[in-house]
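Peer 1: Quick one: this structure, given as structure tokens, is what I'll be asking you about.
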Amino acid sequence: MIRLLAAFFAFGATMCALTIVLLIFPGTALDSLWRLNPAARLAFQSLGNAAILHMSVVGTGCVFAAIGLWQKSLWGIRIALVILSLNIIGDLFNALVRHDYRALIGLPIGGAMIFYLARYKTADSSSSR
């Protein structure tokens, strides 16, 4: 299961990288991918270069979480927990402030991932007790 979560974060890092490419090189054949989420395109474009910085930070976090989870390390679990917690806060914000209730689907999914990771025992965590 922990390796599946590592793959999940690797996928997240890949999507961040793709978003950065789409933002840096608009008007290419890849622009058709924005049809999957046209609102995201507008939101990212409204942020300008800050969107590229934001996606770089998120993508880097996902890379580190994926590597750490793949290695089943405590630091990887901690990074993943931070990312998932921030994502839940973002989902709540989107639901409550922006009235985008589709974001609520992320709450039980993120919560289940957090629950699993918080209970996961690593060699690091068992030796520090």
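Peer 1: Just I79, I109, I88 to compare: in a GNM of the chain, with alpha carbon springs under 10 Å, which one fluctuates most?
Peer 2: Largest GNM mean-square fluctuation: I109.
Peer 1: Report, to the nearest 10°, how far helix 49-70 tilts away from the longest principal axis of the Cα atoms in the chain, using its own Cα long axis and a range of 0 to 90°.
Peer 2: It is inclined by approximately 30 degrees.
Peer 1: Further question: How big, on average over all directions, is the shadow cast by the Cα convex hull of the chain, in nm²?
Peer 2: The directionally averaged projection comes out at 8.6 nm².
Peer 1: Taking only Cα atoms, what is the 0 to 90° angle, nearest 10, from helix 2-24's long axis to the longest principal axis of the chain?
Peer 2: 20 degrees
Peer 1: When the Karplus curve 6.51 cos²θ - 1.76 cosθ + 1.60 is applied with θ = phi - 60°, which whole-Hz ³J(HN,Hα) does each residue of the stretch 30-44 get, with x for Gly and Pro?
Peer 2: Those phi angles translate into 5, 4, 4, 5, 5, 4, 5, 8, x, 5, 5, 4, 5, 5, 5 Hz.
Peer 1: Ignoring ligands, DNA and RNA, what percent of the accessible area of the chain is carbon or sulfur (1.4 Å)?
Peer 2: Of all accessible area on the chain, carbon and sulfur atoms account for 70 percent.
Peer 1: Sticking with this one: Over the stretch 6-129, calculate the relative contact order: mean separation of alpha carbon pairs under 8 Å at least 6 apart, over the residue count, as a percent.
Peer 2: The normalised contact order for the stretch 6-129 reaches 24 percent.
Peer 1: Quick one: dipole size for the chain, taken about the Cα centre, charges +1 on Lys/Arg Cβ and -1 on Asp/Glu Cβ, in debye to the nearest 20.
Peer 2: Dipole about the Cα centre, nearest 20: 360 debye.
Peer 1: For the chain, what is the accessible area per residue in Å² when the probe is 1.4 Å?
Peer 2: 64 Å²
Peer 1: Counting helices only, and only those DSSP H runs with n ≥ 4, report the 222 nm mean residue ellipticity of the chain as the sum of -39,500 (n - 2.57) divided by its residues, in deg cm²/dmol to the nearest 500.
Peer 2: Details: 6 runs with 97 residues, N = 129.
So the calculated ellipticity at 222 nm is -25000 deg cm²/dmol.
Peer 1: Roughly what angle does helix 74-96 make with the longest principal axis of the chain, taking Cα atoms, 0 to 90 degrees, to the nearest 10?
Peer 2: It works out to around 40 degrees.
The values are calculated or read from the model by the stated rules, or taken from the named source; none is laboratory data. All values reported here derive from a predicted model rather than from experimental measurement. Cβ coordinates were reconstructed from backbone atoms using ideal geometry, including for glycine residues, and neighbour counts include every protein chain displayed. These accessible areas exclude ligands, DNA and RNA; they are computed on the full protein's heavy atoms, side chains included. Shrake-Rupley method; radii C 1.70, N 1.55, O 1.52, S 1.80 Å.
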